[in-house]
1. Could you work out the relative contact order of region 195-443, using alpha carbon pairs under 8 angstrom and six or more residues apart, expressed as a whole percent?
2. What order do you get for 369-380, 255-266 when each peptide is scored by the mean count of other beta carbon atoms within 10 Å, highest first?
3. At 1.4 Å probe size, with every protein chain present, just tell me what the per residue accessible area of region 195-443 comes to in Å².
4. Past the 19 Å Cα-Cα mark, which pairs from K238/K357; K288/K397; K198/K389; K206/K244?
5. Given C-alpha coordinates of region 195-443, what is the ratio Rg to Rh with the Kirkwood estimate of Rh?
6. How charged is the neighbourhood of L437? Take every other residue with its Cβ under 14 Å from the Cβ of L437, and add Lys/Arg as +1 and Asp/Glu as -1.
7. Roughly how big is region 195-443's charge dipole about its Cα centre, with Cβ charges of +1 (Lys, Arg) and -1 (Asp, Glu), in debye to the nearest 20?
8. What residue among F443, S395, F408 has its Cα farthest toward the positive end of the dipole of region 350-452, where the charges are +1 on Lys, Arg and -1 on Asp, Glu, each on the Cβ?
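The values are calculated or read from the model by the stated rules, or taken from the named source; none is laboratory data. Not measured: the values here are computed from a predicted model. Quick reminder, even Gly has a Cβ in these numbers, built from the backbone with ideal geometry, and neighbours come from all protein chains shown. Note: accessible area is taken over every heavy atom of the protein model, side chains too, but ligands, DNA and RNA are not part of it. Shrake-Rupley method; radii C 1.70, N 1.55, O 1.52, S 1.80 Å.
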Amino acid sequence: ATNQCSLCLITGVCVLCTQISPKEGWQVYSSAQDPDGRCICTVVAPEQNLCSRDAKSRQLRQLLEKVQNMSQSIEVLNLRTQRDFQYVLKMETQMKGLKAKFRQIEDDRKTLMTKHFQELKEKMDELLPLIPVLEQYKTDAKLITQFKEEIRNLSAVLTGIQEEIGAYDYEELHQRVLSLETRLRDCMKKLTCGKLMKITGPITVKTSGTRFGAWMTDPLASEKNNRVWYMDSYTNNKIVREYKSIADFVSGAESRTYNLPFKWAGTNHVVYNGSLYFNKYQSNIIIKYSFDMGRVLAQRSLEYAGFHNVYPYTWGGFSDIDLMADEIGLWAVYATNQNAGNIVISQLNQDTLEVMKSWSTGYPKRSAGESFMICGTLYVTNSHLTGAKVYYSYSTKTSTYEYTDIPFHNQYFHISMLDYNARDRALYAWNNGHQVLFNVTLFHIIKTEDDT
């Protein structure tokens, strides 16, 4: 009948069909998943003004809105993959060039000094394990490109099956959409973590406050919650300023202020799941303060941790204890006499502040400019001044370290706060009285169900 809507579904493709006149148009939504678990889908639907009298059409429009949101997520996934893939291609070219050069030198090694040859061989041995990783990443990126091409051709295929209306009912379509949403979320989770490869920026958000301070958002907040917290200076202060959004922060429109019960030490605070975690002044005590309740929920001494400029970062400022969060949870970075002043990493229980596990590194805390966690790996800069770079990393997953060379632009010459936000996939920094953001490029592998 002309005024009724019916549904049909083909393998791997969701389709909403109706009898329409030649003048009426269609809307196209895309989001799905192939048999190997990678995300791709196309949904073809009539314009929203069709089927308005059908009671089920309202439910269908809700489903289509949900699919459209998933479509936007897959576009984000694709943009991230393409951006990282371009970086991988550049890196691969450099590696292959080094490999070719090494082979040439090896053929003529009798004419070279033994020392120079051995240094080059060791450098090549470090790079060789990355080649199969790059090849696997290229394969994943190529598959996503193929899926996008299939999406472009899918509308033509759907046009040919419009006559097969009524094959499936609403409940079955509903279940298919729910399954698609679950698979898409699983796919996005596979891209959450990765290895830091590049830092770009900064973007200057605002210029305010003293040379030292901290500003942050909550990585566990919902998409609609974009509150910003601002804590000026590294000592002798208890006032936290809150802004409802980045725009309000830039314009200076405060929504609320909090008068903490204790002064803080340093600039290495973190907001996590609605609470502020900070180091109490002149102590190694960590405080958990709830913004919603307006009171302290927990406090605990970080055993053996140096404080009050015993083991600060290179810039001083009572930065002995650095609290941070990543995709895995809440962390504390500090140093102890027992570890000879070298950095200790502790994973904390966000409710009780108990140390769940600790890792002792060999990097001196006083030689570190700043540090931040990404996916369970601590990244340490070698300075807070011009020319600083990420120089050292320690993986809590493998309990191993490596020296790195990841430069970033210290635009205003002095960094007193540098923290990673997993939701924004960015580094928040306080750069000599400027609040700035750095973008990060992470190298990741899309794992399949066959991977162990």
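1. Contact order relative to length: 21 percent.
2. 369-380, 255-266
3. 39
4. K238/K357; K288/K397
5. Value, to two decimals: 0.92.
6. Residues near L437 contribute +1 overall.
7. Rounded to the nearest 20 debye, it is 220 debye.
8. F408
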